[in-house]
Amino acid sequence: MSGLSNIIEEFIKNLIDEMNGVVEIQRNELANYFDCAPSQINYVLSTRFTPYKGYYIESKRGGGGYIKIVKVDFKERQGFDFEHIINDLIGESITESKAVDIIKTFYEEGLISKKEADLIKAATSDRAFGVEVEDRNRLRANILKNIILILVE
């Protein structure tokens, strides 16, 4: 099943690239194209096209399930408040796995170097904190927001 998920993910990413960062698709049409259940499309969208990975999804029920996927271009920050986006994206609390997704996205977008990504991962890893889980996730969010805003500005 993951093989099909990978194929669907690549297909959607290619569409997004071809359409300059924004694509509108119908869930049922995509499911028919790949000869799979619409739930498979939902799975790919919900796990591989998340805000933590640099995507925003607008969804509308009915008529086959219209979906608009927008890839956020962090390099072109004109027209939006980058600090506001980062604060919304990370929030008040974030898990280590979601933090890693964000760090990976910033690295893949060329906004931070490999060394910077590795340092941020180390600074925000569970091993770096000697506090309770809820406190750890809040602390991680504060550290991650501050580091990203300093490095990327």
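Every number in this text was worked out from the coordinates using simple rules, so none of it is lab data. Since this is a predicted model, take the numbers as computed values, not measurements. Positions of Cβ are generated from backbone atoms using ideal geometry, with glycine treated the same way; all protein chains shown enter the neighbour counts.
Return the FRET efficiency for the residue pair TYR66, SER2: r is the Cβ-Cβ distance, R0 is 25 Å, and the value is rounded to the nearest 0.05.
0.45
With axes computed from alpha carbons, what is the tilt in degrees of helix 114-123 against the longest principal axis of the chain, rounded to the nearest 10 within 0 to 90?
That helix lies at roughly 70 degrees to the long axis.
Which of the aspartates and glutamates could a cross-linker span from LYS68 if the Cα-Cα distance has to be under 15 Å and same-chain partners fewer than 8 positions apart are dropped?
Straight-distance partners of LYS68: GLU9, ASP17, GLU18, GLU24, GLU29, GLU58.
Can you give the Rg to Rh ratio of the chain, both from alpha-carbon atoms, with Rh computed by the Kirkwood formula?
With Rg and the Kirkwood Rh in hand, the quotient comes to 1.01.
Figure the gain on full extension for ASN14 and PHE34 (residue separation times 0.36 nm, minus the Cα-Cα span) and round it to one decimal in nm. Before the final figure, lay out the partial values.
Details: separation 20, 0.36 × 20 = 7.20 nm, distance 1.51 nm.
Separation in residues times 0.36 nm, less the Cα-Cα distance, equals 5.7 nm.
Subtracting the Cα-Cα distance from 0.36 nm times the residue separation, let me have the gained length for SER113 to ASN142 in nm, one decimal.
8.4 nm
State which entries of LYS98/LYS121; LYS53/LYS98; LYS13/LYS114; LYS13/LYS121 exceed 18 angstrom in Cα-Cα distance in the structure shown. Walk me through the numbers before you get to the answer.
On the way: LYS98/LYS121 11 Å; LYS53/LYS98 9 Å; LYS13/LYS114 23 Å; LYS13/LYS121 26 Å.
Cα-Cα > 18 Å for LYS13/LYS114; LYS13/LYS121; rest within.
Can you tell me the 0 to 90 degree angle between the C-alpha axis of helix 96-108 and the longest principal axis of the chain, rounded to 10?
Between the helix axis and the principal axis of the chain, the angle is about 80 degrees.
With contacts defined as alpha carbon pairs under 8 Å and 6 or more residues apart, what's the relative contact order of the chain in percent?
Contact order relative to length: 20 percent.
Treat each spin label as a single point 7 Å out from the Cα along the C-beta direction, and report the GLU24 to ASP81 distance in nm.
2.9
Could you tell me which residue out of SER125, ASN32, LEU111 lies farthest along the dipole of the chain toward its positive end? Charges go on the beta carbon: Lys and Arg +1, Asp and Glu -1, centred on the Cα centre.
Final value for the positive-end residue is SER125.
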